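Here's the structure, in structure tokens; my notes come after.
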Amino acid sequence: MSEAKPLRAGTRPLVYLAVAVLAVPIVLIGFAKTFFHPLATGAFRGDAVVYAHAALMFAWIGFVLNQTRLVHSRATAAHRRAGWLGLALVAGVVISTLLIGAQAARRVALGAGPEAAAVELFIVMIEMAVFGALIAAAVVLRRRPEAHRRLMLLALIASLGPAWFRFRHYFPPVENPAFVYSLLLADSLVLLAAASDLARTGRVHPVYLTAGVAMIGVHLIEVFLNGGAAFRAAARALAGPFI
């Protein structure tokens, strides 16, 4: 995988910092109606894993924002020292997300049946596999900063999907909310990052053309093929035992 054209001395791409900063209001707005407001009014009730997951997710967002800020301000040594903390946060995010996904799937099973519940949990499992794979690739390529920072940006974008999906609570119902919010809106940040590359270097970095395209492809499969026989069979086999 070749590296992007070097930037001029003294420059730092703003897209990484911009997306990291934007992640904060996306999460705050996305979860305002379903978490923050009920929590503030005492109406929210959840298991301990829900609160742990919330804390881990916000810690992850804050971690990425701080790491991006350190790179932007050229504090690369501090960035490297703090990097391994991110792996612990990622592990916590993945485990807690899967636990919450299993809880939600069991509730779905009571109303819509075990197959629908398996599909819902299977999608959560796929999302965590994508998120984990992006982080693993970023760690492996940590000595190749152009690839590393783009993989971390994709992982951040991937983690914002649930917040984007909850934006549906602010707008009139649409026929396919997963397509509108989890794909069009969420993955628009991938296109923004690729467009930034094109504007600055004259080409799109291979990370976006491989990992970025693959991530969007997975989302297309989740949105449009989740009702297919093959998808449901995989869901029953891989997610069914956890419901």
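Each reported figure results from applying straightforward, stated rules to the coordinates on display, with no laboratory input. Computed from a predicted model, the values in this text were never measured in an experiment. Virtual Cβ from ideal backbone geometry, glycine too; neighbours counted across all protein chains shown.
Would you mind computing, in nm to one decimal, how far apart the modelled labels at I221 and S188 are, each placed 7 Å from Cα along Cα→Cβ?
Taking the two extended label points, one gets 2.6 nm.
Using the alpha-carbon centroid of each, what span in Å lies between the range 163-221 and the range 83-134?
20
Order of 81-87, 99-105, 130-136 by packing, highest average Cβ count within 10 Å first?
130-136, 99-105, 81-87
Starting from the Cα of R144, step 7 Å toward the Cβ, then list every residue of the range 206-220 with an amide N under 12 Å from that point.
Of the residues in the range 206-220, 206-208, 210-211 have backbone N under 12 Å from the label point off R144.
For the chain, what is the per residue volume of the convex hull drawn over the alpha-carbon atoms, in cubic angstrom?
Working: hull volume 34.3 nm³, N = 243.
Value for the chain: 141 Å³ per residue.
Based on the alpha carbons, how large is the Rg to Rh ratio for the range 125-234 when Rh follows Kirkwood? Kindly include the intermediate steps, with their values, before the conclusion.
Working: Rg = 15.0 Å, Rh = 14.9 Å.
A ratio of 1.01.
Give me D for the range 18-62 in µm² s⁻¹, whole number, from Stokes-Einstein with Rh from the Kirkwood sum over alpha-carbon pairs, 25 °C and 0.890 mPa s.
Numbers: Rh = 11.2 Å.
Diffusion coefficient, whole number: 218 µm²/s.
Using the membrane-span-like helix rule (whole DSSP H runs, Cα extent along the own axis of at least 20 Å, mean Kyte-Doolittle hydropathy at least 0.5), which helices of the chain qualify?
Details: long enough: 15-30 (21 Å, 2.72); 48-72 (36 Å, 1.12); 76-112 (52 Å, 0.99); 114-140 (38 Å, 1.98); 145-159 (21 Å, 0.59); 186-201 (24 Å, 0.91).
Membrane-span-like by this criterion, though nothing is claimed about a membrane: 15-30, 48-72, 76-112, 114-140, 145-159, 186-201.
Between A32 and L85, what is the label-to-label distance in nm when each label sits 7 Å out along the Cα-to-Cβ direction?
For the pair A32/L85, the computed spacing is 2.9 nm.
Percent relative contact order of the range 141-243, based on C-alpha pairs within less than 8 angstrom and at least six residues apart? Mind dumping the intermediate values first?
Values: 50 pairs, mean separation 24.4, N = 103.
Worked out over the range 141-243, it gives 24 percent.
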